[in-house]
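Only one structure is covered here, and it is reproduced in the block below.
The values are calculated or read from the model by the stated rules, or taken from the named source; none is laboratory data. Source: prediction; values computed, not measured. For neighbour counting, all protein chains shown are included, and Cβ atoms are generated from backbone atoms with ideal geometry for every residue, glycine included.
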Number of protein chains: 4
Amino acid sequence: MPRIAFRYRMANSKYEYVKAFERSNYLLPNSWIVVRLDGRGFHKFSAKHRFEKPNDKRALDLMNAAAIGVMKELPDLILGYGVSDEFSFVFHKDCSLFERRESKLSTTVVSTFTSYYVHLWSTFFPDTPLSPPLPSFDGRAVVYPSVSNLRDYISWRQVDCHINNLYNTTFWALIQHGGMDGKEAEKALMGTVSSDKNEILFSRFGINYNNEPEMFKKGSVVFREYEQVLGPMSASRSSTPATEGTGQAEPLSKTAAERERKTRARARIAVEHIDVIKDDFWVRRPWILSGKAGKLPKEN
Amino acid sequence: MPRIAFRYRMANSKYEYVKAFERSNYLLPNSWIVVRLDGRGFHKFSAKHRFEKPNDKRALDLMNAAAIGVMKELPDLILGYGVSDEFSFVFHKDCSLFERRESKLSTTVVSTFTSYYVHLWSTFFPDTPLSPPLPSFDGRAVVYPSVSNLRDYISWRQVDCHINNLYNTTFWALIQHGGMDGKEAEKALMGTVSSDKNEILFSRFGINYNNEPEMFKKGSVVFREYEQVLGPMSASRSSTPATEGTGQAEPLSKTAAERERKTRARARIAVEHIDVIKDDFWVRRPWILSGKAGKLPKEN
Amino acid sequence: MPRIAFRYRMANSKYEYVKAFERSNYLLPNSWIVVRLDGRGFHKFSAKHRFEKPNDKRALDLMNAAAIGVMKELPDLILGYGVSDEFSFVFHKDCSLFERRESKLSTTVVSTFTSYYVHLWSTFFPDTPLSPPLPSFDGRAVVYPSVSNLRDYISWRQVDCHINNLYNTTFWALIQHGGMDGKEAEKALMGTVSSDKNEILFSRFGINYNNEPEMFKKGSVVFREYEQVLGPMSASRSSTPATEGTGQAEPLSKTAAERERKTRARARIAVEHIDVIKDDFWVRRPWILSGKAGKLPKEN
Amino acid sequence: MPRIAFRYRMANSKYEYVKAFERSNYLLPNSWIVVRLDGRGFHKFSAKHRFEKPNDKRALDLMNAAAIGVMKELPDLILGYGVSDEFSFVFHKDCSLFERRESKLSTTVVSTFTSYYVHLWSTFFPDTPLSPPLPSFDGRAVVYPSVSNLRDYISWRQVDCHINNLYNTTFWALIQHGGMDGKEAEKALMGTVSSDKNEILFSRFGINYNNEPEMFKKGSVVFREYEQVLGPMSASRSSTPATEGTGQAEPLSKTAAERERKTRARARIAVEHIDVIKDDFWVRRPWILSGKAGKLPKEN
């Protein structure tokens, strides 16, 4: 909180020299910034607060609700992607928030997320009061120079979601329905590939993995909702003027920037459980990579 | 949350190469690490949630309670110092938590603090429900190579606390008791020095600044409590073997380290509002700079 | 020099822990790396060694000869651009030399350049022996995420070359032919724009700036020479598969990589004084941005 | 070279934005900076230029002469230590050269060293002309927070010098006088400790390792020479006001700083081959760690 007193003081004290030891990492301009956060000690935390296995819908909904809070408080964010107890948030490559200082960006995202997570806890877990150690998250910022790298990052997380969820679904089926203990289930899965796990699920437990909830299989994609582009479009990953540009973004006029900001702030934050690896998601929502707010959809 | 599935997979996907873009800043060994966090937009937040001016005891008590939570969850911390909506936390120079990775250290401290702040809010503000935008904090890690630099950092914050509090106390007295508006109060204080402000407080409002609460004047010091050293001691700032050493700390035996950790975890976290600029505070509590747990005080 | 002795030792000494204080900055993958070096104290150095003003052809030829040396010793370099006492060297975005460690890259370029500069000095200045303080250069590495940014960097230097050379040509004409001293010349040029300077040169000294040597007006571009692409080509700055790719370069087979390396090593290093702002230069030499060696031109 | 033209121009071109991509690493204040450089490809280089094995006195003398050049051109340096084809240079913890920017410091040291090395080559190798690939060096800056860490760094290098030299001396004796080839010598030394090597040297070749030249056994220490302190002194490694201080160095008056600078510039650069692990070296030369020029010795 900037304090009024600062306005007038000229000097302060002989100790003030210590300020010169602060170092800031200004992230490379014209590059996509991803802040990924992870639950700290959530293995223990989820056990203590009795999360259902392999997936606890309440816990995932709470993660998504916290992500919506983050997207609302930080209009510079263009996308969120969450799975299990991790969430990734993407700042546009032209973002200049906090002068792109790494520590400001990562701590602000992590703190805002934590704040909503704890505040909304009782909404999603009305019967399970929080008790210390409380939930917390750590985070890191990563920079990606191209749209391809960024999309590969998101694809990486979604592939991981699938791999982990298939494993965990099978692992817990063996325990919950197959009567195994953890070690036996581990052993049973050792060396298996995807088709093996699908087969185990289906033949032994009658579970068709394809029918599992999309949220578990695909994770959660969080973004501002504008009117989608519906016609057929070039779906290539190659750069368009909007996404690669000259690296020297045309600065919006002040009025235009203000209008833009307001449109963003008014946009509904959507949470969907869909494929973000293929082009379709991105082609229909050009505002995500362009960073330019689209047209708000008509209210029904 | 490390997932069981990780244990067996060898490869993952063609997207995994993006992991190579992550960069970590490993903070310089043998140096003191300070993580300072600040409330984001607390000017507005405090107005909306009707904090008393110039100081709201409930808000400061909540900050301190959150700091205690942080100290308890992170036994590597040796000290906290808080004032207004900021808090500084100190890791010992020999600390190896998270391999001293900057982003892990700063986001973990900030997230844990936020978690306690929101969780404990209703205890300190039972009649004021939180509503978005929720409180959040940003943070940064700073490295100090010597004990002198570290103590100067803490002194800097405590001097700042004093300067700001004297200003704010006078400023709000002029408004609350002197009938001025903000601009008039600002103008009245322009160019004044400490003695002027003391004089205004005393002659116009009968306020003796010295009698103001210590928490407002000195801020809050948070540390683990062991038996204090009471005898006369050399109080110099010069380095002692324990505090400067060779930079190559003798590794404790595994048993000793475990015992140490347990003693720390059992120590009560004290919150005091006392001078940390002079030597006395540090001399009586040698465990703070030595990083070695002291003897737990007897229970009364 | 790796020493044989290292092979067998297991430990070394209790002092070896200091190695843990070393920090490396691994430059962002999939980004163009520019190392720019500048002469240290060359104002004084050039005066002492009687460089001709405003441009000394021998000094520029020596800079270019040193740059050729650097390009030959570091086949990873794709381009050099020099003006006055500065030279910029570009590593391809897929370069993995020294694992992209900043200090290795910048010190190696600067040291190699210095080595050739001093070694070749007497070839270009046969009558002017070097004496301390000897010539030296400092350098820095800068990372550019897109081809556009990289080309804008090169364009920036070439525009700077033009601006400085026009100024200096006029400034020294006023002194050498106009009888002014430095202060008077400075004053005469204050506030002038390009057309003013062209006019002064032409009307007062009969100098047509356009006829000045290309090396002075355009600087020096250094690159490996292969057969140029001659037909009409799309000259856009937009990314082609070769230049933007997926960020995940297809690794060449070992044999192919070796062949590639040999072709590069055999390529003649060209030095030209031509426009690098427009597309033409880049379109005719696609190997520069693709990083793939072209076909060696036939010997005449 | 700062160009006169810069003084007047206000803007430059639309390309200038690329300057914003430059990042500087300002090294931590109040910490010792070591720049260590290493010969690149010196195994090959020394073979091609027929360095004598295991040590070539001319090559070492050339390294030392280059180091003297560096110390003379950079008065901020307090110490150099060289062994084989590596040299370490130490900047005082209060040094503010180039605002402590890492790349400026490391490239300047490396470039200046290279310049002297090439320039002086023919003095030390009059019969061996240099030919491409020319000698070059890479370098890195490392920061040490305490005097102990700094001295441990220097000790580490001197211990390494001893270990390598004893190995190499024995290895080459086996080859040059024992008729072995490289592989046989390696095998003969596998698993041997120091006493074994001493024994081999003495019993098989009549070489008393202790009588080997000090330069080979101890490396080369380079520093400014003032009048030594001769009386008995406390030789502890503990910090003295001069060496640890408050971290907030009392700024010298302008006249005093100028006088200091001149004294430094006039000081002879000494090269000695002595122990720098024990206290004696440092105690007798307090100016090295204090950073304050001493009294120039009387000329004989």
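Table for the structure above
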read-out: Subset of the stretch B:248-300 (residues that are at pLDDT 85 or above and of a type in the set (Asp, Glu)); value: B:Glu272, B:Asp275, B:Asp279, B:Asp280
read-out: Residue in the stretch A:135-148 that is out of contact with any Asp or Glu (no Cβ under 8 Å at 6 or more places or on another chain), assigned to a loop (DSSP other than H, G, I, E, B), more than 25 Å from B:Tyr116 (Cβ to Cβ) and within 14 Å of chain C (Cβ to nearest Cβ) present; value: yes
read-out: Hey, C:Ser84 crowded, with 23+ Cβ neighbours inside 10 Å, within 19 Å of the chain's Cα centre (by Cα), under 24 Å from A:Pro29 (Cα atoms) and among the hydroxyl-bearing types (Ser, Thr, Tyr) or not; value: no
read-out: Failed criterion for C:Thr107 (all others in (1) β-branched (Val, Ile, Thr); (2) touching a residue at least 40 places away in the same chain (Cβ under 8 Å); (3) at the interface with another protein chain (Cβ under 8 Å from one of its Cβ atoms) hold); value: (2)
read-out: Neighbours by Cβ (under 7 Å, 6+ apart or cross-chain): first from the stretch C:212-232, without any contact (Cβ under 8 Å) to a residue 24 or more places away in the chain; second surrounded by fewer than 21 Cβ atoms within 10 Å (Cβ to Cβ); value: none
read-out: Criterion: of a type in the set (A, V, I, L, M, F, W, C), closer than 18 Å to A:Arg140 by Cβ and at pLDDT 95 or above - qualifying residue of B:Val90, B:Val83, B:Val109; value: B:Val109
read-out: Only listed residue being polar (S, T, N, Q), assigned to a loop (DSSP other than H, G, I, E, B), farther than 22 Å from D:Ile33 by Cβ and modelled with pLDDT of 95 or more, chosen from D:Thr169, D:Thr128; value: D:Thr128
read-out: Considering residues of the stretch A:197-228 that are exposed (fewer than 13 other Cβ atoms within 10 Å of the Cβ) and more than 30 Å from A:Arg284 (Cβ to Cβ) only, the residue nearest to the other protein chains (Cβ to nearest Cβ); value: A:Ser203
read-out: Residue check for C:Arg50: more than 14 Å from the chain's Cα centre (by Cα) and at positive phi; value: yes
read-out: Options B:Asp76, B:Asp94; residue that is over 30 Å from A:Ser194 (Cα atoms), out of contact with any strand residue (DSSP E or B) (no Cβ under 8 Å at 6 or more places or on another chain) and more than 8 Å from chain A (Cβ to nearest Cβ); value: B:Asp94
read-out: Any hit, the stretch B:79-95, residues being outside any loop (DSSP other than H, G, I, E, B), under 29 Å from A:Asp38 (Cβ atoms) and basic (Lys, Arg); value: no
read-out: Where D:Glu52 falls short, out of the listed (1) touching a Lys or Arg at 6+ places or on another chain (Cβ under 9 Å); (2) closer than 22 Å to D:Ser148 by Cα; value: (2)
read-out: Evaluation of D:Val143 against (1) surrounded by 19 or more Cβ atoms within 10 Å (Cβ to Cβ); (2) in contact with a Lys or Arg (Cβ under 7 Å, 6 or more places away or on another chain) (one fails), failing number; value: (2)
read-out: Leading residue by the ranking (nearest to the other protein chains (Cβ to nearest Cβ)) among those in the stretch D:151-182 that are under 19 Å from D:Asp279 (Cβ atoms) and among the polar types (S, T, N, Q); value: D:Ser155
read-out: Test: residue in the stretch B:237-247 that is surrounded by 11 or more Cβ atoms within 10 Å (Cβ to Cβ), of a type in the set (Gly, Ala, Ser), over 25 Å from B:Asp76 (Cβ atoms) and at pLDDT below 95; value: yes
read-out: Single match in C:Phe223, C:Phe137, C:Phe205 (criterion: in contact with a Ser or Thr (Cβ under 6 Å, 6 or more places away or on another chain), aromatic (Phe, Trp, Tyr) and at pLDDT 95 or above); value: C:Phe137
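Rundown of residues vs (1) modelled with pLDDT of 95 or more; (2) surrounded by 19 or more Cβ atoms within 10 Å (Cβ to Cβ); (3) more than 9 Å from every other protein chain (Cβ to nearest Cβ), yes/no style:
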residue: D:Phe21; (1), (2), (3): yes, yes, no
residue: D:Leu28; (1), (2), (3): yes, yes, no
residue: D:Ser31; (1), (2), (3): yes, yes, no
residue: D:Arg40; (1), (2), (3): yes, yes, no
residue: D:Ser46; (1), (2), (3): yes, yes, no
residue: D:Arg58; (1), (2), (3): yes, no, yes
residue: D:Asn64; (1), (2), (3): yes, yes, yes
residue: D:Ala67; (1), (2), (3): yes, yes, yes
